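Presented below is the structure to which this report refers.
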Amino acid sequence: MAEFSAPFDGSPIATQSQWSRMARRWGQDGVHAADPDSTALKVAGNGTGNVTLQPGEAFVNGFYYLNDAVKNIAVTPNAGTVARVDLVVLRASMSAKSVVAAYKTGGSSAPTLSADEDGVYEIPLAQCTVAAGSSVVTAVNVADRRWFTDSGATPSLPGARRPSVRGRLLTEGGRLYIGDGATWQWIGSPGVEEGTYTPQWSAGTRNFHWGTDAVNRGIYQVRGRRVDVSIRVLVASNPGGSGYPDPLGVSLPPGYPCTTTERSLFVWNYTSENGEGSAIGVATTLPTTSTTKIARLRYSMTNGASQSAVPNAYSMFVNTPFNIRNGDVIDITGSYWTT
């Protein structure tokens, strides 16, 4: 097949097929409307032999369509013995060289849309149900089936947003917003879809590992300034408790330090494979000490057995309250705000 490019001087868009192929790339077929509540090209039934089509504009197969006044479209009578499901469509025809609103009959389900880009191409406007032996469509028997053109995401400068449009997307400083007609609602920010890292375990300022055969994995996701993180270690050996007298800690994902304005909390779970049971507690950052790690794995105990016994929180160490050994598992999961 020969190459083709246009329009240039001496190489114009010469046929409707060439135009259609080019214009289809500019946007999706559909009705031009600020939001789905618009009446643009909306179809209504009124209990007569016609349905009405409101004024509006659309793209169909790359061709422009305009209806500038309310239009009556005749309903095809249903001579059958069961209800019939029909469509009102916009039909672009290469042979007729036009786009028109048309009534298309179906059966027990709606008819299939024609989708021949070089012949007849249709998009739906409404679904109409015609009772057996009837030739009228009432208001309740019309279902809106309009497709709408896309308008893309609108770029914006901080402090200079245009008025909100319902359903419209807006980008500003890498953040994505959606309009509700009154304001722009934040829906997303740049981040990391899914990242992994090798957590660095520590006791105070001393780093260590849980054995060369340990499974030590962190997984995280970033949305704006929020970081979700999960850490799991399957212990291979104890590093030696006497040499690590400070509380356990573990690093956060690299490049995403925790905020200094508050402590972030996580849930941890320990399971022993050496007959010492299991435990669950809360891990926390200590941003005044470090913004790059979870600094404490805390668990609660009381000083007595009664309901009035005063609880207190204690930190987990390499050997306290468990002698962490081969086969034991530590899981940590939670979210925090980064700086």
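Strands (runs of 3 or more DSSP E) fully within segment 169-245 that include at least 3 residues being touching a residue at least 24 places away in the same chain (Cβ under 8 Å): 191-197, 201-203, 215-223, 226-234. If you go through segment 278-304 and keep only what is assigned to a loop (DSSP other than H, G, I, E, B), open to solvent by less than 40 Å² (accessible area, probe 1.4 Å) and closer than 23 Å to VAL235 by Cα, you end up with THR285, ALA295.
Just need a number here: residues in segment 305-324 that are in a loop (DSSP other than H, G, I, E, B) and more than 42 Å from the chain's Cα centre (by Cα). Number satisfying all stated conditions: 11. Modelled with pLDDT of 95 or more and under 30 Å from PRO253 (Cα atoms): is that true of THR198 in this structure? So THR198 fits the description; yes.
Being among the β-branched types (Val, Ile, Thr) and either open to solvent by less than 50 Å² (accessible area, probe 1.4 Å) or under 25 Å from ARG24 (Cβ atoms) (or both) holds for only one residue in VAL43, VAL70, VAL82, and it is VAL43.
Answer with yes or no whether TYR256 is of a type in the set (Ser, Thr, Tyr) and either over 17 Å from GLY327 (Cα atoms) or assigned to a loop (DSSP other than H, G, I, E, B) (or both). The answer is yes for TYR256.
Figure legend. Inter-residue proximity from segment 32-50: first residues under 19 Å from SER164 (Cα atoms), second residues aromatic (Phe, Trp, Tyr) and buried (at least 17 other Cβ atoms within 10 Å of the Cβ), beta-carbon distance below 8 Å, spacing 6+ or different chains. Indicated pairs: HIS32/PHE59; HIS32/PHE148; ALA33/PHE148; PRO36/PHE148. The requirement of being in contact (Cβ under 8 Å) with a residue 12 or more places away in the chain, closer than 22 Å to GLY211 by Cα and not charged (D, E, K, R) is not satisfied by MET301.
One line per residue, one yes/no per condition, for (1) more than 19 Å from the chain's Cα centre (by Cα); (2) open to solvent by 50 Å² or more (accessible area, probe 1.4 Å); (3) not acidic (Asp, Glu):
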residue: GLY133; (1), (2), (3): yes, yes, yes
residue: PHE148; (1), (2), (3): yes, yes, yes
residue: GLU172; (1), (2), (3): no, no, no
residue: PRO190; (1), (2), (3): no, yes, yes
residue: GLU193; (1), (2), (3): no, yes, no
residue: GLN200; (1), (2), (3): yes, yes, yes
residue: GLY204; (1), (2), (3): yes, no, yes
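Please go through segment 85-99 and give me each residue that is more than 18 Å from THR48 (Cβ to Cβ) and surrounded by 14 or more Cβ atoms within 10 Å (Cβ to Cβ), ordered by number. Answer for segment 85-99, where residues must be more than 18 Å from THR48 (Cβ to Cβ) and surrounded by 14 or more Cβ atoms within 10 Å (Cβ to Cβ): VAL85, LEU87, VAL89, LEU90, ARG91, ALA92, SER93, MET94, VAL99. The set of residues in segment 259-277 being outside any loop (DSSP other than H, G, I, E, B) and either surrounded by fewer than 17 Cβ atoms within 10 Å (Cβ to Cβ) or touching a Pro at 6+ places or on another chain (Cβ under 6 Å) (or both) consists of LEU265, VAL267, ASN269, THR271.
The values are calculated or read from the model by the stated rules, or taken from the named source; none is laboratory data. Predicted model only: the values in this text are computed from it and were never measured. Positions of Cβ are generated from backbone atoms using ideal geometry, with glycine treated the same way; all protein chains shown enter the neighbour counts. Heavy atoms of the whole protein, side chains included, go into the accessibility calculation; ligands, DNA and RNA do not. Shrake-Rupley method; radii C 1.70, N 1.55, O 1.52, S 1.80 Å.
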